[in-house]
Each structure stands twice: as structure tokens, then as C-alpha cells.
Amino acid sequence: MSRTKRPILALDFGRARIGVAISDELQLLAHPLETIRSDAQAMSRVAEIVRQKNVDHVVVGLPRQMSGAIGAAAIEALQFVGRLRAILPCGVTTSDERLTTAAAHRALRDAGKKTRYTKDYVDQVAAQMILQGYLDERQHVPAEEQCHED
């Protein structure tokens, strides 16, 4: 008997923009969704998406330094995670996102997209990459060991 799944939402948090991606209901494939401006309305927009899409849980990219250490950007992302946990009705977890924005730029460039036209979309693609990595990793972990919160 298959368990009904709800989509997972991923966020690529940045000071200017937040890329958003969502999984399919099978939690196998990640798709770009939208880009949110990092402003006073950002938290309410994320909460609205969670409600509208009936999201299972949220994954926020954690931009660790190449050494794995937590730097200033990761601290800001963790503060954002804390604020999300306070307002969302679902779990919020983090996932290592080293180099996803650079990989998103490269993927868009390889697809023939001009950098100046992809400024907003690159954040969605980075969120998609964070989510796809998270989904792929979960495929190798038994369901009873999967956790929804750090």
C-alpha cells in the first residue's frame, strides 16, 4: 500500500532574493517554482506557498564554506530557518548547498541562456538543485530513518 506524499519545498536563501523549488508528489523530481524578494513580505510568501501547495516540509540550503565551516552567509540562513520554524506548520530542515548557485549559472549558460536575463531564474535553479540533491539522498535512506527537522 503506497503512502500518499505531499511535495517538499526548497529555498535558496539570499540577501536579495530567495529561490523556490518544489518536488512532485512522489518526492522524486524537483522543479523551479518562483523567486521571492528578500524583504519584509518574504516570510509570509513562503508561508502562503506552504499552505497553497500543502507542503510536507521545507528544505533550506545552508551555504557552508568549502571547508565545511559555518560562515556569515550560513549564519544568516540559519537565522532565516529559525524564523521559518516559528511560523510554519511543517518541519524545516537544512541541506548543504555549496556551489549550487555556481552550478545553476553554469547550467543556464550551457543551455544558451544569457546571464543578464537569468538573474531571478538562477535562484530558482539553485533551489531546484538543492532539492534534487536532497531528494536523491533520501532515496538511499530507509523511510523510518528520514527526519524532517535538524
All conditions in (1) closer than 15 Å to F80 by Cβ; (2) of a type in the set (A, V, I, L, M); (3) touching a residue at least 24 places away in the same chain (Cβ under 8 Å) are true of L33 except (1)
Criterion first (surrounded by 18 or more Cβ atoms within 10 Å (Cβ to Cβ) and either of a type in the set (K, R) or modelled with pLDDT of 95 or more (or both)) does L33 satisfy it?
yes
The condition of being within 11 Å of the chain's Cα centre (by Cα) and under 17 Å from V122 (Cα atoms) holds, among I22, I36, only for I22
Per the list (1) more than 19 Å from S95 (Cα to Cα); (2) touching a residue at least 12 places away in the same chain (Cβ under 8 Å), residue check on Q52 breaks on (2)
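The values are calculated or read from the model by the stated rules, or taken from the named source; none is laboratory data. Bear in mind that the values here come from a model prediction, so they are computed numbers and not experimental data. Cβ coordinates were reconstructed from backbone atoms using ideal geometry, including for glycine residues, and neighbour counts include every protein chain displayed.
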